[in-house]
1. Dipole of the range 5-257 (Lys/Arg Cβ +1, Asp/Glu Cβ -1, origin at the Cα centre): which of A11, N91, A152 lies farthest to the positive side?
2. Measuring from the lowest to the highest alpha carbon on each principal axis, how far does the range 118-176 reach, largest first, in angstroms?
3. Run the dipole for the chain about the Cα centre, Lys and Arg Cβ at +1, Asp and Glu Cβ at -1, nothing else charged, and hand back the magnitude in debye, nearest 20.
4. Could you tell me how many degrees, from 0 to 90 and to the nearest 10, lie between the Cα long axis of helix 64-78 and the main elongation axis, the longest principal axis, of the Cα atoms of the chain?
5. Summing -39500 (n - 2.57) over the DSSP H runs of n ≥ 4 in the chain and dividing by its residue number, what mean residue ellipticity at 222 nm do you reach, to the nearest 500 deg cm²/dmol?
6. If all Cα-Cα distances of the range 5-257 are sorted into 10 Å bins from 0 onward, what percent lands in each bin, rounded to whole numbers?
7. I need the trypsin sites (Lys or Arg not before Pro) found in the range 1-58, filtered to DSSP loop residues with at most 16 other beta carbons within 10 Å of theirs.
8. Plugging the Kirkwood radius over Cα pairs into Stokes-Einstein for the range 72-117, at a temperature of 37 °C and a viscosity of 0.692 mPa s, what D comes out in µm²/s?
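No lab work stands behind these numbers, since they all come straight from the coordinates. From a predicted model like this one, the values you see are computed outputs, not experimental measurements. Positions of Cβ are backbone-derived with ideal geometry, glycine not excepted, and every protein chain shown enters the neighbour counts.
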Amino acid sequence: MVRRVALVTGAGSGIGRATALSLAANGCAIGALGHKGPELENLIQEMETKDYDAVMLDADISDEGQMRRAVATLLERYGRLDVVVANAGINGVWAPIDDLSLEEWNKTIAVNLTGTFLTISTTVPHLKASGGGAIIVVSSINGTRTFTTPGATAYTATKAGQVAMVQQLALELARHHIRINAVCPGEIDTNIDANTSLRYEDETAIPVIWPEGQVPITGGSPGRSEDVADVITFLASDKARHITGSPIWVDGGQGLLR
């Protein structure tokens with residue numbers, strides 16, 4: 001039996017890390033893509049201790065040349081590609097629309113939307129060559145189910161764009177036996193806040209307070225990265241063989257409350 005090969009972007013932490021480990025535990029060889037550093041190196045070390053097969057790929061997802069080189073390295077190592085998880089992204093700057101600069105807007109678009117495009121466009125030829133496969137895009141409840149995050153215009157635009165891209169490509173790629181879906185997490189215990197810049201929140205925030213927290217199913221606590229990774233692993237598997245073009249919200253009911 002040929003082992004499946006998966007590419008996971010943003011693999012160094014949070015949802016990407018949990019997804020890489022989950023897919024590896026389910027028999028995939030992993031191309032762990034991110035910015036080379038302690039987080040990505042620690043992931044590879046952990047995989048080695050568990051006898052998982054993985055290769056570290058250093059690339060900026062918004063740079064076409066870097067992405068093509070990373071994918072080429074993955075193919076040189078494993079010879080095929082079956083699963084693509086487009087997870088890497090940033091929150092960027094959250095600010096009133098008349099305070100948000102074009103440079104800040106462009107940075108969020110470049111990473112979240114152009115980066116998703118490049119992740120898909122550089123890998124689809126290899127999924128076709130493998131006879132099919134699965135693509136999972138990590139979007140958000142923001143821009144797809146909720147619109148109350150203060151000043152997050154650029155971010156929500158990219159997340160809505162990702163889901164539109166998934167739905168558009170579901171039909172285009174179906175003839176090649178490639179499924180593509182989106183997961184839309186709510187509040188999850190990741191470190192994405194580290195790349196968030198929030199300005200003038202009082203000008204854009206909606207003054208609503210949930211005394212018992214905003215994630216109903218957990219009593220207000222954030223979800224775990226593994227909660228999202230488990231859904232991604234399912235969508236990557238043959239058990240999801242009849243699911244394509246679908247956004248799946250992994251938010252514990254948060255989006256319905258908001």
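1. A11
2. 43, 18, 13
3. Magnitude of the dipole: close to 1180 debye.
4. Around 40 degrees separate the two axes.
5. On the way: 8 runs with 99 residues, N = 258.
Mean residue ellipticity at 222 nm (helix-derived): -12000 deg cm²/dmol.
6. Spelled out per bin, shortest first, that is 8, 32, 37, 19, 5, 0.
7. Answer in residue order: R3, K36, K50.
8. 254 µm²/s
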